[in-house]
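A.B. asks: Just passing along the structure, written as structure tokens.
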Amino acid sequence: MSFLDWLRAQRWTRWVIFGLAVVIVAGLGWAGWAAWKTRYEAQGGLAFAQARALVGQAQAPDAPADSRERADKALQAVLADYPRLSSVAQAAYLLGSLRFAATQYSQARASYELARAKAGSRSLASLAALDIGYCWESEKIYDAAENAYQSVISGVKPQDFLYEEAMVDKARVQELGGKRAAAVETYQRLLKELPDSRRAEELRSRVASLQPAAKP
């Protein structure tokens, strides 16, 4: 009996060899994926860096008239060409900021929504949600703005990142939307939760201005 014949006759040996083959193929596949991911991140990171440089140029006082448009297109290209880039949420957020500065509120909101969806950290997600609220507020759609600010507040503690900012913003749009009683309640809640806030005097002043004057 030849060695190959013997090998074919050994049931468990065949399974061992098959298992080794699977491990080798899987290892080669993982190595290939890792190499592709490294190259993808490098290329995407370079494209994002170039887009950030264009944004910086667009924000300069003496920027050419078309600089903002070039920066916008560069960031859009990053999002389209590298949707799995680790920094894609930052690219979307930067695009939203660029568009917000240009008063393109609906387009900015779409970018911020993408940033929130792709965010790898709660901090960036909260920033994006807050800016979604600013977009709605700029369009005078106060109920939607209030909901956006509330999404930042929900599930966090008063000492957490952006809590105070979102509460003040929520109260402000409640005022603007004609919900005076709700605004007073929000301001008072914030004063109770953060009595040592640097805005405490401002908040008390807002409460006093919203409450009806006492009858003589």
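A.B. asks: Sorted by average packing, counted as other Cβ atoms within 10 angstrom per residue and highest first, what order do 196-205, 166-175, 40-49, 145-154 take?
C.D. replies: In descending order of packing, they fall as 166-175, 145-154, 40-49, 196-205.
A.B. asks: Something else about it: Answer with one residue from Pro158, Gly177, Ser126: the one whose Cα lies farthest towards the positive end of the charge dipole of region 123-216, charges on Cβ with Lys, Arg +1 and Asp, Glu -1.
C.D. replies: Checking the options against the dipole of region 123-216, the answer is Gly177.
A.B. asks: How many angstrom lie between the C-alpha centres of region 183-205 and region 123-141?
C.D. replies: The distance from the Cα centre of region 183-205 to that of region 123-141 comes to 21 Å.
A.B. asks: Among rounded, prolate and oblate, which fits region 43-136 when a ≥ b ≥ c are the square roots of the eigenvalues of its C-alpha gyration tensor, a/c under 1.5 means rounded, and a/b larger than b/c means prolate?
C.D. replies: oblate
A.B. asks: Rounded, prolate or oblate: pick one for region 123-216, where a ≥ b ≥ c are the square roots of the eigenvalues of its C-alpha gyration tensor, a/c under 1.5 means rounded, and failing that, prolate if a/b is larger than b/c, else oblate.
C.D. replies: It comes out oblate by the Cα gyration axes.
A.B. asks: Check cross-link reach from Lys179 to the lysines: straight Cα distance under 26 Å, and skip same-chain residues fewer than eight apart.
C.D. replies: Those lysines meeting the cut-off are Lys140, Lys157, Lys170, Lys192, Lys215.
Throughout, read-outs are computed from the coordinates displayed, never taken from laboratory work. Only a predicted model underlies this, so the values are computations on that prediction, with no experimental measurement involved. Don't worry about glycine lacking a Cβ; one is built from the backbone with ideal geometry, like all the others, and counts go over all protein chains shown.
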